[in-house]
1. If you split all Cα-Cα distances of segment 132-272 into 10 Å bins from zero, what percentages do you get per bin, shortest first?
2. Which one of Thr86, Asn53, His229 has its Cα pushed farthest toward the positive end of the charge dipole of the chain, where Lys and Arg give +1 and Asp and Glu give -1 at the Cβ?
3. Just want the ordering: Val16, Val226, from fewest to most Cβ atoms lying within 10 Å of their own Cβ.
4. Tell me, what ³J(HN,Hα) does each residue in segment 27-35 have, in order and in whole Hz, if you take phi through Karplus 6.51 cos²θ - 1.76 cosθ + 1.60 with θ = phi - 60° and put x for Gly and Pro?
5. With unit charges on the beta carbons (Lys and Arg positive, Asp and Glu negative) and the dipole taken about the Cα centre of the chain, which residue among Ala208, Leu119, Ser100 sits farthest to the positive side?
6. Run the numbers on segment 33-130 and let me know its relative contact order in percent, using alpha-carbon pairs under 8 Å that are six or more apart.
7. For the chain, modelled as a GNM with alpha-carbon contacts under 10 angstrom, which of Thr86, Thr182, Thr151 fluctuates the most?
8. Hey, got the Cα dimensions of segment 33-130 along the principal axes, in Å, largest first?
Amino acid sequence: MNPSSPPQKSGLILRVVSALVMLPIAIFIILQGGLIYSLFVALLTILILYEWNGICEGKALNAAFIFQAILSLMLIYALHTGQYFTLYAYLAPAALLVVSCLYYKIKLHFALMGLAYALLPAASLLWLRQYSDQGGWIVLWLMIIVWSMDTGAYFAGKNIGGPKMAPRISPNKTWAGLIGGTVVAVIMGLITAFYFNFDYDWMALAAAAAILAIWSQIGDLAESAVKRHFNVKDSGAIIPGHGGIMDRVDGIVFAAPAVALSLYFFEFWSVA
């Protein structure tokens, strides 16, 4: 008998239960849109910044976090309402962020990286939701791609095993997991695209789902590399069985800007 089996089984059950609780709430908020959606994005952004500083500085609540949060909330408010602050209003907290990092000896480059890491997906998720009448379905579609990739990769990796993909960064990830997760993501992407009545070529959607799934795994590896650099196992412990918020949204952090940028250029070239 393998003595490690019961804890592993218990951990899997906890992950499943947590997912069953969180998924319906997330889906409802995404499809509801409006203020509740913007508040949800703002909350995720603040939690990402909180965990980022905890990883990079060993102390989540510091001066950098305060000014990162102020800048983030200002931009999220502007994107939600369409009422943008003046350039000077943004420059003030940005300057104070730099000054506070220098004064308190906080790693400035990581503070700026953390700001971009949290803000780019936040801005993308807000823009995508407002992109069209199908904005909520587009956001949900990209979420399903990422969730399917993670789930498929987890079970394929556990059951097939094989060569490790990036053992120095994330020892548990395998090439079998990447392939299995991509296949599941493409299948789920096509099924949901049909159900959501997306008016796109199916071959293009399959290719987009595959690329997006792989790109989300690169996001997962990027977060793992940051944690590995600072010798941190989990970004936090806010979600039972899953770790921190960053551990759950690392794929979405990369996927959301990719989808937003793709649709922006698609719209641009269509008009041109």
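Read-outs throughout are calculated quantities, based only on the coordinates presented, and are distinct from any laboratory measurement. Just so we're clear, the structure is a prediction, and the values are computed from it rather than from any experiment. Reconstructed Cβ throughout: ideal geometry from the backbone, glycine too, with neighbour counts over all protein chains shown.
1. 12, 39, 33, 14, 3
2. Of Thr86, Asn53, His229, it is His229.
3. Details: Val16 11, Val226 21.
If I rank by nearby Cβ atoms, fewest first, I get Val16, Val226.
4. 4, 4, 5, 4, 6, 5, x, x, 5
5. Towards the positive end, the residue furthest out is Ser100.
6. Numbers: 89 pairs, mean separation 35.6, N = 98.
Value for segment 33-130: 36 percent.
7. Thr86
8. Extents along the principal axes, in whole Å: 39, 28, 16.
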